[in-house]
Amino acid sequence: MFRSNEPTPSQPGKSARRTVRVAFVTGVAAGAGIAGCGTDDDGASAPGNAAAIRTSAVTAMATTTPSRTAVVPATRTTSSVPAATKQTTTTVAVTDSARAPKDAAAQKRIDDRASALRLLRRAEQTVRTRMPSCRPQQPPQTPATSSSATPSRTLLSSVAALRQPPTTADAAVAKTLRGSRALTFVRRVYTRYIRELVPGGKARYAIVAATGRAPSWTPPAACTAATGRELERLLGGQPATVAAAGREAYTTSRRETTARPQAEMVLFFTLRHGRISTGTSGDVASLQDRGIFVSAGGRRGAQLTGLIPDGVATVQFRFPRTVSLGKDLRPRDFGAAYTRTVHVRDNVVDLHVPRPAEFALSATAIWRAPNGVFVRTVKGR
């Protein structure tokens, strides 16, 4: 989760320096949960309390709205971490010129979406005040249920280590994870399928076979309908562009509350000094199609770590010179493209990327088998 300390208004063609605090790493996988941690100023990740992160569709729209809100990442996240959870943060200096509107028309669309989101939030707050049952409830965070069952053949065929007998090192990792906040966002953990990975004998990682996401609060249908009616009332008299943006935001928020299937998944953690440093998760389809990646870093670059399925020996990462920030913002220009090929060891790839963490996932990845045969191309986000 990235937030600014002091939002600074920006205008097209002008550059204003501002400070951004980085509180959580960026992870990617379809429907991924993300375990958070802080980062040191030199880009190295610092151990922190891991917890589940869920993406909010409404706030995700806000990131394509005002650069004046000083939101840094392409996807903004809201955390289910309890307020008492301590977060380690770092301060990174950026400039508004990196996220400037393309033109005056783009700035107007950004402003319209910002106005629409404010009205939607106002409608939600009004409904929650009138109807106490519509106030969000924080589900109790309880450890995942332990299961001695065997995961599906599809999951086991994806990572070789899961098909090998557990070792004493695996038992030690399982003990470290037991009771961890990192496991509070899944329903069940396959306790016989927790493995430690030590590719090259240096960095340590852990993978956990699990299934089902922990229950999260979903607003009752009556609350959603009441919010829609209140929003329509607030949109009365607003410009047509703001009204259209408001209805789009409402539709997006309704899609976000749709329950997700409780599929099998793989949790992937990096370990540092015997503790969880960073982590992410993804379902089996995500692992097989794209891999599961987590990125953490600071102003000098990011560390990109990923879990890759069996059958892949090398991954060539091709970072483009420019990265699109959407139809209304100028693309980010890094001055030159960057390409690096990394060997996959124990299903893990780990590399330093000379770009901020939010852009470390923008590379197109070329997967190749041990004999050099092309496997697939995975487009960047």
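What the table below lists for this structure:
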read-out	value
Hits in region 86-145 - residues which are at pLDDT below 85 and assigned to a helix (DSSP H, G or I)	D96, S97, A98, R99
Pair list, Cβ < 7 Å and 6+ apart or interchain, from region 354-372 residues that are free of Cβ contacts under 8 Å to residues at least 60 places away in the same chain to residues that are crowded, with 24+ Cβ neighbours inside 10 Å	R355/A302
Condition met for R330 (under 30 Å from I110 (Cβ atoms) and charged (D, E, K, R))	yes
Test result for R376, at pLDDT 95 or above, closer than 23 Å to T278 by Cβ, part of a strand (DSSP E or B) and of a type in the set (D, E, K, R)	no
In region 165-200, residue nearest to S146 (Cα to Cα) [restricted to those that are among the polar types (S, T, N, Q) and crowded, with 16+ Cβ neighbours inside 10 Å]	T191
Residue tally, condition touching a helix residue (DSSP H, G or I) at 6+ places or on another chain (Cβ under 8 Å) and either among the hydroxyl-bearing types (S, T, Y) or part of a helix (DSSP H, G or I) (or both), over region 200-221	1
So L234, is it surrounded by 15 or more Cβ atoms within 10 Å (Cβ to Cβ) and within 20 Å of the chain's Cα centre (by Cα)	no
Region 284-304 residues that are under 24 Å from R376 (Cβ atoms), paired with ones that are assigned to a strand (DSSP E or B) and of a type in the set (F, W, Y) (beta carbon under 8 Å, 6 or more apart)	I292/F268; V294/F268; L304/F293; L304/F317
Within region 293-321, tally of residues that are touching an Asp or Glu at 6+ places or on another chain (Cβ under 7 Å) and outside any strand (DSSP E or B)	2
Qualifying residue in region 307-316 (condition: farther than 30 Å from C134 by Cβ and crowded, with 23+ Cβ neighbours inside 10 Å)	yes
Conditions (1) closer than 22 Å to P199 by Cβ; (2) under 22 Å from the mean Cα position of the chain (by Cα); (3) among the β-branched types (V, I, T): number failed by V323	(1)
Sole residue being polar (S, T, N, Q) and over 30 Å from Q238 (Cα atoms), chosen from Q125, Q164, Q107	Q164
Count of region 98-144 residues which are surrounded by fewer than 14 Cβ atoms within 10 Å (Cβ to Cβ) and among the hydroxyl-bearing types (S, T, Y)	3
Hits in region 325-337 - residues which are touching a strand residue (DSSP E or B) at 6+ places or on another chain (Cβ under 8 Å) and assigned to a loop (DSSP other than H, G, I, E, B)	L325, D328, R330, P331, F334, A337
Residues of region 201-231 satisfying the condition of being in contact with a Pro (Cβ under 8 Å, 6 or more places away or on another chain), crowded, with 21+ Cβ neighbours inside 10 Å and among the aliphatic types (A, V, I, L, M)	A209
Check on A169, free of Cβ contacts under 8 Å to residues at least 40 places away in the same chain and either farther than 30 Å from L235 by Cα or part of a loop (DSSP other than H, G, I, E, B) (or both)	yes
Test result for T278, among the polar types (S, T, N, Q), in contact (Cβ under 8 Å) with a residue 40 or more places away in the chain and surrounded by 14 or more Cβ atoms within 10 Å (Cβ to Cβ)	yes
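The values are calculated or read from the model by the stated rules, or taken from the named source; none is laboratory data. Since the model is a prediction, treat every value here as computed from it, not as a measurement. Note: ideal-geometry Cβ built from the backbone for every residue, glycine included; neighbour counts use all protein chains shown.
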